[in-house]
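Written below as structure tokens is the structure these notes are about.
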Amino acid sequence: MIRVNKDIVASAFLILFSAVMYAASNNIMKLTVSKVGADFAPKLVAIGIFILSVFYLINSIKQLKGSNGGETGELEQEDDGDQKEKKKISPLSVFATVGLLVLYVALLPIIGFLITTVVYLFAQMYLLADKKERKIPIFLVTSVVTSVVVYFIFKSIFFLMLPAGILG
Amino acid sequence: MFELILEGFASVLTIKTIAYILGGVALGLIFGSIPGLTATMAIAITLPITFGMEPIAAMSLLMGLYIGGVSGGLVPAILLNLPGTPSSIATTFDGFPMAKKGQAGPAFGYAILFSFLGGLLSIIVLMLLAPPLAKLALEFGPFEYFAITIFALTMISSLSGGSLIKGLLSGLLGIALAMVGSAPIDAFPRFTFGFKDLNAGFQLLPVLIGLFAVSEIIKSSETKLKKGQSVQYKLKGFGFSLKDFFKQGWNGLRSSLIGIGIGILPGIGGGTANIIAYVTAKNQSKKSDEFGKGIPDGVVASESANNAAVGGALVPLISLGIPGDTVTALLLGGLILHGLSPGPLLIENNGDVVYGIFAALIIANFFMIAMLFWGMRIFTKVLSIPQYILLPIILVLCVVGAIGVNNRLFDAGALLFFGILGYAMLKFHFPITPVILGFILGPLAETNLRRGLMYSKGDFTPFLTEPIAAVFLTLALLSVLFKIRSNYKKKRDHDSNHTISL
């Protein structure tokens, strides 16, 4: 049941997306002489997304209604996969990972590559590992070594300037 | 042509390039053998490193990664019943039962040898097929090119996932994402919403790495990760006789041809080829009830098909500049990074690079078989490195790679955005491959559409009346209709007996 609702959310989002895309296409500049300008293909794609999303929405609603009786093969298969996944999923951990990533990318230019990367690596390893597997010294050493090695390899061999931040 | 191949070898046979190929194969095998890491990821994080290299050296490295990445999956498939990559799913069906019976040696022997043979055959087909195809494609104008890209896009969208609507939506989403930035031909800005950073559009690399690698890392955080698996195994010889080898000859050849054919088709590659070859081998065999209980035929079918798909997938990339799957999409990115323009002119203008690629593939194939035989202990060791240490390191390399493209931090933000988008798509069961192909092929289709309309002065009919264009557009339509019909049939079968048929 949850899956079908997910489908409705996704299709509604895509319908909205196509509407915004079409509206935004009207603002694209174009030469007056040619009929097919820079806005032609975006509008076509927006219309395509709209039509398919409407089909998708109709299908999802149909399945929601029919789910009391027999479901389609495809849905059942996907449900099986979902249930297997669901056993141990922790949304908190996913949010924490995304949060870490956002912080990492945001702080990279300010604090600099070396420090931010050490902190990120350590935090991410700690987060991903099972409680019994949390070996703080190993995580710490790997984080520092990786960060330093990556920084100097890219700086001196590939001449890629990584943000030095407060150390620079 | 023979001379060109020799020249190709000559350009690759330098100590530096050979070292790159060797390193590429080794890294590819490591990525392939660790479940959860794929050839796509290996190439994605290595691409930025190739910036400073000569095109031939860079492409050689990438070819090594490709061959290694596809082949490495057989190690955990046989030892642990875990496919290292999607290309080795069918290898687990018989490889693991063989290992359980104490026949891990022969299972590896068959898998490695037929990986090598399947790969070699497909590279030969690639060398024979790509140049004439490119010559043919030189005659194509915008009408034909538009039709071929539309054909490739619909094939990918309809083949890569369970649901046709979701596949097509993914493809369109990819095209929409590619429209951000300057329009082709007249370069008016589109969908930039006033952000200066968006004027150049999204770069291919952050999009690719974000959708494929970052999304997987976010997904892996759903569950707590345990430590790696430790296995000890030492390989001695092939473990089977010459007579046994010839018994598998026809099976290997048929599976290789299936792999090549499927590789050439856009949208599906080794991941599908190994399963189709396995099922075909099972249906054609007299001992079909022994499949799944540990029979070498199953391992041979799966492993020759997945390596054969490599050469197949490179045919449309090299001759037309159209990638058929994610790895070739990355390789296309690699070509562009090095200032080569993919398309039918590639062989004519940069023949040295193309024949260098062919030579590198053959050499990489030899390295692959040698390293798997003598280095098996290393690859089984790698399996014991825990994922919770590997994945964060890979993520840092992804970020470094994304920044490296243009040396701007905006791309790291884009990388993150696409990672979250990719994760959302995984959760909503949308296939990701069509997004990438839409992102690459969308601008190509639009450019050719508008160029064609300039030729015809705004008239759409040539797209339908030019014979080659008409054929490809019809094929595109047929692929959609075929998918609708097979979905309908599946549903009807299901309704009648309420079992899930694969």
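Read-outs: derived from the displayed coordinates by stated rules, not from any lab. As the structure is a prediction and not an experimental result, all values here were calculated from the model. Please note: Cβ atoms are built from the backbone with ideal geometry, for glycine as well, and neighbour counts cover all protein chains shown.
If you take each beta carbon of peptide A:41-50 and count the beta carbons of other chains within 10 angstrom, what is the mean? All intermediate terms of the calculation are to be shown ahead of the outcome.
Working: counts 13, 8, 0, 4, 11, 3, 1, 6, 7, 1.
What the average comes to for A:41-50 is 5.
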Rg (Å, one decimal) plus Dmax (Å, integer) for the alpha carbons of the stretch B:283-322?
15.1, 43
Given the rule -39500 (n - 2.57) for each run of at least 4 DSSP H residues, summed and divided by the residues of chain B, what is its mean residue ellipticity at 222 nm, to the nearest 500 deg cm²/dmol?
-23500 deg cm²/dmol
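In terms of the Cα gyration tensor, with a ≥ b ≥ c the square roots of its eigenvalues, is the stretch B:259-298 rounded because a/c is under 1.5, prolate because a/b exceeds b/c, or oblate?
Prolate is the answer for the stretch B:259-298, as a/c is 1.5 or above and a/b outweighs b/c.
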What residues qualify as long-range amide H neighbours of B:R190, i.e. H under 5 Å apart, gap of 5 or more or another chain, H built at 1.01 Å from N?
B:G181, B:S182, B:A183
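Run the numbers on chain B and let me know its relative contact order in percent, using alpha-carbon pairs under 8 Å that are six or more apart. Can you show the working numbers first?
On the way: 971 pairs, mean separation 144.3, N = 502.
For chain B, the relative contact order is 29 percent.
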Longest site-free stretch - chain B; sites: trypsin sites (Lys or Arg not before Pro), DSSP loop, at most 15 other Cβ within 10 Å:
B:102-225
Okay, which of the stretch B:386-414 sit inside 19 Å, backbone N to the point 7 Å along the Cα-Cβ direction of A:L140?
B:389
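Please tell me which of these pairs span more than 31 angstrom C-alpha to C-alpha: A:K6/A:K132; A:K6/A:K43; B:K219/B:K282?
A:K6/A:K132; B:K219/B:K282
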If packing is taken as the average number of other Cβ atoms within 10 Å across a peptide's residues, how do A:13-24, A:103-114 rank, most packed first?
A:103-114, A:13-24
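How large is Rg over Rh for the protein assembly as shown, taking Rg from the Cα atoms and Rh as the Kirkwood inverse mean of 1/r across Cα pairs? Let's see the in-between values first.
Details: Rg = 24.6 Å, Rh = 25.9 Å.
Rounded to two decimals, Rg over Rh is 0.95.
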What shape does the stretch A:91-167 have by the C-alpha gyration tensor, where a ≥ b ≥ c are the square roots of the eigenvalues, rounded means a/c under 1.5, and otherwise prolate means a/b greater than b/c and oblate the rest?
oblate
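Can you pull the mean other chain C-beta count within 10 Å for peptide A:8-21? Walk me through the intermediate numbers first.
On the way: counts 0, 1, 8, 4, 0, 2, 4, 0, 0, 2, 3, 0, 1, 4.
Per residue, the number of nearby Cβ atoms from other chains is 2 on average.
Please report, to one decimal in angstroms, the Kirkwood hydrodynamic radius of the stretch B:294-405 built from all distinct Cα-Cα pairs. Walk me through the intermediate numbers first.
Details: mean 1/r = 0.0586 Å⁻¹.
The answer is 17.1 Å.
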In whole Hz, with x marking every Gly and Pro, tabulate ³J(HN,Hα) for the stretch B:306-320 from phi via Karplus 6.51 cos²θ - 1.76 cosθ + 1.60, θ = phi - 60°.
5, 6, 5, 5, 4, x, x, 5, 7, 4, x, 5, 7, 7, 10
For A:114-127, mean number of other protein chain Cβ atoms within 10 Å
3
With x for Gly and Pro, the residue-by-residue ³J(HN,Hα) of the stretch B:132-149, computed from phi through the Karplus equation 6.51 cos²θ - 1.76 cosθ + 1.60 at θ = phi - 60° and given in whole Hz, is x, 5, 5, 4, 4, 6, 4, 6, 6, x, x, 5, 5, 5, 4, 5, 5, 5
Given pairs B:K293/B:K490; A:K155/B:K196; B:K243/B:K286; B:K166/B:K491; B:K286/B:K491 and cut-off 21 Å on Cα-Cα distance, the over-length ones are B:K293/B:K490; A:K155/B:K196; B:K286/B:K491
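State the percent of C-alpha pairs, over all pairs in the stretch B:52-149, separated by a distance greater than 20 angstrom. Let's see the in-between values first.
Values: 2705 of 4753 pairs.
In whole percent, the long-distance tail amounts to 57.
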Mind ranking A:126-135, B:459-468 by how tightly packed they are, going by the mean number of other C-beta atoms within 10 angstrom, highest first?
A:126-135, B:459-468
Need the full-extension length gain, B:T461 to B:L481, defined as separation in residues times 0.36 nm minus the C-alpha distance. One decimal, nm.
4.9 nm
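May I ask for the Kirkwood hydrodynamic radius of chain B, worked out over all distinct Cα pairs and given in angstroms to one decimal? Provide the component values of the computation, followed by the final result.
Values: mean 1/r = 0.0431 Å⁻¹.
Mean inverse Cα-Cα distance, inverted, gives 23.2 Å.
At 0.36 nm per residue, and after removing the present C-alpha to C-alpha distance, how many nm does the segment from B:A187 to B:T280 gain when stretched out fully?
Stretched out fully, the B:A187 to B:T280 stretch lengthens by 28.5 nm.
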Distant-in-sequence amide H partners of A:L160 (H built 1.01 Å from N, under 5 Å):
A:K155
Give the long-range amide H neighbours of A:A129: residues separated by 5 or more places, or on another chain, with amide H under 5 Å away, using H modelled in the peptide plane at 1.01 Å from N.
B:L225
Provide the per-residue ³J(HN,Hα) series for the stretch B:344-355, in order, calculated from phi with Karplus coefficients 6.51, -1.76, 1.60 and θ = phi - 60°, each as a whole number of Hz, with x at glycine and proline positions.
x, 7, 4, 5, 6, 7, 10, x, 4, 5, 4, 6
